[in-house]
Amino acid sequence: MRRRPSRSSLAFRWVGLLVLLAIGGAYVHPLRAYLSARTDVKAKRAEVAVLSREKAALAGRLKLVGTHAFVERQARELGLVRPGEHLYIVSGVEEWKKRAGTTGGVGVR
C-alpha cells in the first residue's frame, strides 16, 4: 500500500506549479511583442525594397529629364513646334483603323 505524501510536500508541489505558471505567464506578453515586431520588420523590409526600386527608377528618369531629347519630347507632347515647322493634327485615326480592320501599325489595302 502506497503512502500518501505529507501536507508540506503537497503544498510545496502546488507552490512550485504556481511559480512555473507565473513564469510562463510572464513570458507571454514579451513573446507576443517579439513576434509582432518580427512581422513588422518583415513588412518594413519589403516596403524598403519597393521604395529602393522606385528610387532607382526615379534616379534614372531624373538623369533623362535634363537631356535635350527629353525636353523636346515633352514639348512635342504639349503640341509645341519649332520655328518654321508646321503642326498637322490628324483626327479619326481610330475609326479608320476599325473600318480598315487593322489593330496596329499603318496598313495599306
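Annotation: residue 41 fulfils all but one of (1) out of contact with any Leu (no Cβ under 8 Å at 6 or more places or on another chain); (2) surrounded by fewer than 10 Cβ atoms within 10 Å (Cβ to Cβ); the unmet one is (2).
The rows are residues; the columns are (1) surrounded by 10 or more Cβ atoms within 10 Å (Cβ to Cβ); (2) of a type in the set (Lys, Arg); (3) in contact with a Gly (Cβ under 7 Å, 6 or more places away or on another chain); (4) touching a residue at least 24 places away in the same chain (Cβ under 8 Å).
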{"residue": "6", "(1), (2), (3), (4)": "no, no, no, no"}
{"residue": "34", "(1), (2), (3), (4)": "yes, no, no, no"}
{"residue": "61", "(1), (2), (3), (4)": "yes, yes, no, no"}
{"residue": "67", "(1), (2), (3), (4)": "yes, no, no, no"}
{"residue": "77", "(1), (2), (3), (4)": "no, no, no, no"}
{"residue": "90", "(1), (2), (3), (4)": "no, no, no, no"}
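Looking at the stretch 6-109, the helices (runs of 4 or more DSSP H) lying wholly inside it that each contain 2 or more residues that are at pLDDT 95 or above, on the phi < 0 side of the Ramachandran plot and of a type outside the set (Lys, Arg) sit at 7-65.
The values are calculated or read from the model by the stated rules, or taken from the named source; none is laboratory data. Everything quoted here is computed from the prediction, not taken from an experiment. Counting neighbours? That spans all protein chains shown, and the Cβs are built from the backbone with ideal geometry, glycine included.
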